[in-house]
1. Yes or no: segment 174-187 includes at least one residue that is closer than 30 Å to Ala60 by Cβ, surrounded by fewer than 12 Cβ atoms within 10 Å (Cβ to Cβ) and among the hydrophobic types (A, V, I, L, M, F, W, C).
2. Report yes if Leu154 is hydrophobic (A, V, I, L, M, F, W, C), closer than 28 Å to Pro32 by Cα, without any contact (Cβ under 8 Å) to a residue 60 or more places away in the chain and out of contact with any Phe, Trp or Tyr (no Cβ under 8 Å at 6 or more places or on another chain), otherwise no.
3. So, in segment 81-105, how many residues would count as being surrounded by 13 or more Cβ atoms within 10 Å (Cβ to Cβ) and farther than 30 Å from Ala60 by Cα?
4. For Arg163, which of the numbered conditions (1) over 15 Å from Pro193 (Cβ atoms); (2) in a helix (DSSP H, G or I) fails to hold?
5. In this structure, does Gly62 turn out to be modelled with pLDDT of 95 or more, of a type in the set (Gly, Ala, Ser) and out of contact with any Ser or Thr (no Cβ under 9 Å at 6 or more places or on another chain)?
6. Give just the number: which of (1) closer than 30 Å to Val28 by Cβ; (2) acidic (Asp, Glu); (3) assigned to a loop (DSSP other than H, G, I, E, B) does Asp139 not satisfy?
7. Exactly one condition in (1) touching a helix residue (DSSP H, G or I) at 6+ places or on another chain (Cβ under 7 Å); (2) assigned to a loop (DSSP other than H, G, I, E, B); (3) not aliphatic (A, V, I, L, M) is not met by Lys112; state its number.
8. Any residue that is aromatic (Phe, Trp, Tyr) and open to solvent by 80 Å² or more (accessible area, probe 1.4 Å) - is there at least one of those in segment 126-141?
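The values are calculated or read from the model by the stated rules, or taken from the named source; none is laboratory data. Computed from a prediction, not measured in an experiment: that's the story for all the values here. Heads up, the Cβs are rebuilt from the backbone with ideal geometry, glycines too, and the neighbour counts pull from every protein chain shown. Calculation scope for accessible area: heavy atoms of the full protein, side chains included, ligands and nucleic acids excluded. Shrake-Rupley method; radii C 1.70, N 1.55, O 1.52, S 1.80 Å.
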Amino acid sequence: MLIKRPDRKVRPRPHALTPMKTFEQFRVLLSPARVEIYEFLQAVAPCSVAELAAVSGRPADGLYPHLRQLERIGAVEVVDREPKGRVTEAIYDLTGDDVDFDFRGRKKLGDKVISLAAELFIRLGRTALRDAVEAGILDYEKKNVVLRNAMTWLTDDDVVEVRKHALAIVDILDRGRKAGKGRRYQYLQLLVPSVRPGRRQA
């Protein structure tokens, strides 16, 4: 369960996605630590570093370098400062609701970023599964783990339908992130065209 921040005026979020345009921006974001920090900010921002540390379980001092990097690429910004004793503390928020993974017209950039993101997300999923096994929290009666690999054939219309259901799942995940109730979960999804081994793509 998330540790709720004190009531604070929430800056209206832009409807547009975060304008990530270069591979360097994505490379900075797509590190295990910064992806996790970004996702916690999605759940609790606007917040102070102390509040972010309490939610994420990371030491506050270790968050500053990552927040500076996220600021540098335009993903995070300081939106306010609040008094805390004799000093003021910065209040951080995201610059958009999510990261823009729209690579239409930018195929080379898209190929590089998607490959980098997939390697990272698979690594995060593998780590989450290992930790869950070691902690003994997989419950096969309640079926709190889903694992499926499928090789199939899909038409373009089928892919559209799969994406529709995938986005519906994302909506459920976003609601859970905002509510902050229940057990923390790691979710990974991947749908990609496949090529038969030993065959070159036409």
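1. Yes, segment 174-187 has at least one match.
2. Details: hydrophobic (A, V, I, L, M, F, W, C): yes; closer than 28 Å to Pro32 by Cα: no; without any contact (Cβ under 8 Å) to a residue 60 or more places away in the chain: yes; out of contact with any Phe, Trp or Tyr (no Cβ under 8 Å at 6 or more places or on another chain): yes.
Answer is no for this residue.
3. Residues that pass the stated criteria total 1.
4. Tallying (1) over 15 Å from Pro193 (Cβ atoms); (2) in a helix (DSSP H, G or I), Arg163 fails exactly one: (1).
5. Working: modelled with pLDDT of 95 or more: yes; of a type in the set (Gly, Ala, Ser): yes; out of contact with any Ser or Thr (no Cβ under 9 Å at 6 or more places or on another chain): yes.
When the stated conditions are applied, Gly62 passes them.
6. Result: Asp139 passes all but (1).
7. Unmet for Lys112, out of (1) touching a helix residue (DSSP H, G or I) at 6+ places or on another chain (Cβ under 7 Å); (2) assigned to a loop (DSSP other than H, G, I, E, B); (3) not aliphatic (A, V, I, L, M): (2).
8. Taking segment 126-141 as the starting set, the residues that turn out to be aromatic (Phe, Trp, Tyr) are 140.
Subsequent filtering for residues that are open to solvent by 80 Å² or more (accessible area, probe 1.4 Å) retains 140.
Yes, segment 126-141 contains a residue that is aromatic (Phe, Trp, Tyr) and open to solvent by 80 Å² or more (accessible area, probe 1.4 Å).
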